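Here is the structure we will look at.
Each reported figure results from applying straightforward, stated rules to the coordinates on display, with no laboratory input. If you're wondering where the values come from, they're calculated on a predicted model, not measured in any experiment. Here Cβ is always computed from backbone atoms with ideal geometry, including for glycine, and neighbour counts include all displayed protein chains.
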Amino acid sequence: MLGGVTGMKKLLSLLLSLVIVLFGTVAFAQDTGNTADAPVVAATSTQISGNLYSNMWGNNSVDASLRALLHGYATVAWQGDLGYAIDATVVTESATADDAKGNRTYTMTLADGLCYNDGTPITAADYVFTILLQSNPAIAELGGSNTNFSYLTGYDDYTTGKSGAFSGVQLLGDHQFSITLSKKMLPYYYELALVEVEPTPIAVIAPDYMVKDDGDGAYLAKADDKGTYAAATLPKELLETTLTGDAGYLHQPKVTCGPYQLVEYNAADSTIALEINPKYQGNFEGRKPEVKQVKLIQLSDADALTAYDKGEVQIVHKISTVDVITKAQEMSGVGSANIQRYLNSGYSYLGFACELAPTNDVDVRKALSMCIDRNTLCTELFQNNALPVYADYGYGQWMVSQKPDLVAELNINYDLDAAKNLLVTAGYTYNENGKPYKEGAGQTRCKVENGEMTKLELRWAKTESASADYLETQLTAACDALGIKLEVTKMSFADMMKQYLRADGKRDYNLYYMGVNIPYVYDPYDSYNTDEAAQGAVNTTGLQDERLMKAADTLRHVTSGDVEQYDAKWLSFQQRWMELMPNAPIYCNVYCDVCPATLYEYNTHAQYGFASALLYATYTEPEPTATLVPLDTVAPTDEVAPLDTLAPADTGK
């Protein structure tokens with residue numbers, strides 16, 4: 001068994017090489033007859049949550065891809081390995097200036113001719129409205145997060161209602177606006193990402209309102225009976241209809257400016273149909289979609305691949321089930337499919353309600369994390385198609401893939417004896433009768449505090465999946481052995497998310513089996529913000545630790561481009577994170593996508609998701625650029641051991 005840094009480097013090296021080989025492999029398939037005019041049905045196992053406008057009510061990975069297809073013309077574009085840059089398709093001129101206080105203002109001039117899919121011109125007011133809307137106090141009243149632009153000057157006064165104008169946002173003309181970054185946010189490692197803004201149609205969400213600016217910052221104004229405008233805030237009652245209602249813009253955005261436009265979203269059966277937006281002028285490279293119609297449906301991995309084999313589905317996105325991936329590889333081998341494998345940028349985890357007893361005790365959280373046999377799970381359930389994860393990272397993140405050493409020393413042993421000792425440290429040394437706890441007697445651990453006895457009972461809000469079932473088997477056995485009472489309640493994904501996000505201001509369950517997709521911009525500050533206002537949709541863990549928040553703040557303020565310093569601060573954050581264990585990280589998938597060999601340039605990646613792959617997909621065969629080596633001729637070298645022989649060091653087994 002390989003161990004330590006060497007083992008981890010070889011393990012990552014193998015997986016990365018595996019992804020690279022498969023990423024460039026073409027299966028020479030029979031012609032399926034697909035054309036750009038034919039509707040494409042794409043299937044994924046992840047349910048659409050329906051947050052199709054913004055991430056203010058959650059950031060489901062499928063929703064994020066759909067938003068990227070529906071909305072466009074952001075001022076800043078992520079350009080892959082080149083990082084972030086001003087999008088020249090959208091912004092013709094940009095300038096920066098620092099004031100005497102150290103605040104930095106970005107002034108942007110928009111290109112002429114930008115419009116929504118209904119032909120309505122896009123102006124600077126639409127960009128300013130995005131900031132005013134997403135910072136509006138009513139968003140928080142509706143259970144959303146209104147912190148997307150909290151780094152701009154004047155945010156606090158505006159979002160608390162102290163000022164009707166947002167001083168850090170100025171409307172300078174029909175095609176020009178500015179935003180001012182607070183000096184408290186600078187330096188910032190991903191600085192250009194802070195000035196990324198997309199337009200939002202004010203006429204749809206706030207009819208009778210308009211954006212105005214008298215020189216002290218932008219504000220919203222509403223027409224009175226005489227047709228004159230006066231400053232006014234957006235009331236919660238209005239947004240309940242135009243934004244968050246079933247037919248509101250959050251769930252049914254019909255006026256958009258991305259590469260595709262919404263035809264129909266059916267929440268009941270979790271399907272969505274899109275078609276090309278004929279008004280779209282292209283992304284930062286001028287790229288426009290060629291696949292004219294797309295329908296996204298939810299199917300299990302197995303059902304999706306069966307539907308693909310029958311011709312009912314043309315793309316299967318994010319397969320993680322091992323036997324389905326094996327079948328997809330067999331289909332590729334006989335020429336009936338293209339497959340691509342790529343590392344997840346996030347991870348799956350057992351979420352804790354850190355504000356709720358007994359998971360408010362760090363020793364209990366650490367003990368539970370030690371009850372999960374990650375190596376066996378990755379080997380048995382995923383047949384080594386997943387890697388164990390021990391902190392807040394995914395192997396597809398840029399800093400991990402560039403420098404595997406970063407995670408080599410992070411580890412959580414599967415160790416029930418150590419878990420037992422932590423429970424003893426936490427004070428759970430009695431049984432229900434107040435006598436010393438006796439192992440193997442079917443007792444539940446209890447602790448006595450301030451004269452009151454508390455049982456070690458955990459409640460799990462569980463949704464159905466193969467991996468959740470496997471984890472339940474592991475945890476049930478471990479909890480029985482340790483004297484922990486585990487109560488599992490099965491519920492729908494929607495009901496579980498309401499609990500997890502504390503939609504009603506609190507939650508009743510300690511455990512949630514979840515997954516997170518970490519974006520290119522890794523900035524965990526808001527996720528661990530200790531402010532009460534951040535608890536819920538922003539800080540989902542309920543953990544309020546000033547040192548962790550400080551570590552996140554230090555990480556975000558590394559000077560842009562200083563990779564070495566960023567890596568050092570990243571590791572410091574992870575180490576503090578592991579001291580607190582806000583959740584129990586479990587594994588990171590290697591995903592697989594399937595599409596016909598006649599669909600070229602459909603390239604998925606940890607950071608290039610479904611939206612980017614679909615935008616560049618074409619039925620026109622590209623000119624060959626390299627000689628491709630058949631996969632079955634690729635053999636392991638002396639530098640990389642076969643996958644089934646590798647395991648992380650110090651497994652505790």
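List of remarks:
- Whole-number D in µm² s⁻¹ for region 317-423, Kirkwood Cα-pair radius fed into Stokes-Einstein, 20 °C, 1.002 mPa s: 132 µm²/s
- Structure note, pairs Lys295/Lys490; Lys292/Lys327; Lys420/Lys447; Lys162/Lys254: Cα-Cα distances above 25 angstrom occur for Lys295/Lys490; Lys292/Lys327; Lys162/Lys254.
- Percent of beta bridges antiparallel (DSSP, region 377-507, rounded to nearest 5): 50 percent
- Compactness check for region 28-161: Cα Rg over 2.2 N^0.38 Å is 1.35.
- Kyte-Doolittle mean at least 1.6, axial Cα span of 27 Å or more - DSSP H helices of the chain: 4-23
- For the pair Gln575 and Ala38, label points projected 7 Å from Cα toward Cβ lie 5.6 nm apart.
- Of all aspartates and glutamates in the structure, the ones whose alpha carbon falls short of 18 Å from that of Lys462, not counting any fewer than 8 places away in one chain, are Glu472, Glu487, Asp495, Asp508.
- Projecting the Cα atoms of Ser45, Leu356, Gly561 onto the dipole axis of the chain, where Lys and Arg carry +1 and Asp and Glu carry -1 at the beta carbon, places Leu356 farthest toward the positive end.
- Cβ-derived FRET efficiency at R0 45 Å, Thr306 paired with Asp99, nearest 0.05: 0.15
- DSSP-loop chymotrypsin sites (Phe, Trp or Tyr not before Pro) across region 126-179, with at most 13 other Cβ within 10 angstrom: none
- Neighbour net charge for Arg365 - beta-carbon separation under 13 angstrom, K R +1, D E -1: -4
- For region 257-349, a Kirkwood hydrodynamic radius built from all Cα pairs, placed in the Stokes-Einstein relation at 37 °C and 0.692 mPa s, yields a translational diffusion coefficient of 211 µm²/s.
- Taken as Cα centroids, region 262-295 and region 511-536 sit 29 Å apart, rounded to the nearest whole angstrom.
- Over all pairs of different C-alpha atoms, region 479-548 has a mean inverse distance whose reciprocal, the Kirkwood radius, equals 14.1 Å.
- Given in Å, the Rg to one decimal and the Dmax to the nearest whole number for the Cα atoms of the chain are 25.7, 81.
- Pair-distance profile P(r), taking every C-alpha pair of region 114-158, with 5 angstrom steps and integer %: 5, 20, 24, 19, 12, 14, 6, 0
- Check: region 223-320 dipole with +1 on Lys, Arg Cβ and -1 on Asp, Glu Cβ, in debye: 400 debye
- Debye log10 I(q)/I(0) for region 93-170, one point scatterer per Cα, at q = 0.12, 0.26 Å⁻¹: -0.43, -1.18
- Low-density loop cleavage sites - trypsin sites (Lys or Arg not before Pro) in region 397-454, where at most 10 other Cβ are within 10 Å (DSSP): Lys438
- Cβ-defined net charge surrounding Leu580, 14 Å radius [Lys, Arg +1; Asp, Glu -1]: -2
- Efficiency of FRET from Cβ geometry, Ala503 and Ala232, R₀ 25 Å, rounded to 0.05: 0.35
- Listed peptides 489-500, 580-591 appear in the order 580-591, 489-500 once ranked by packing, highest mean of other Cβ atoms within 10 Å at the front.
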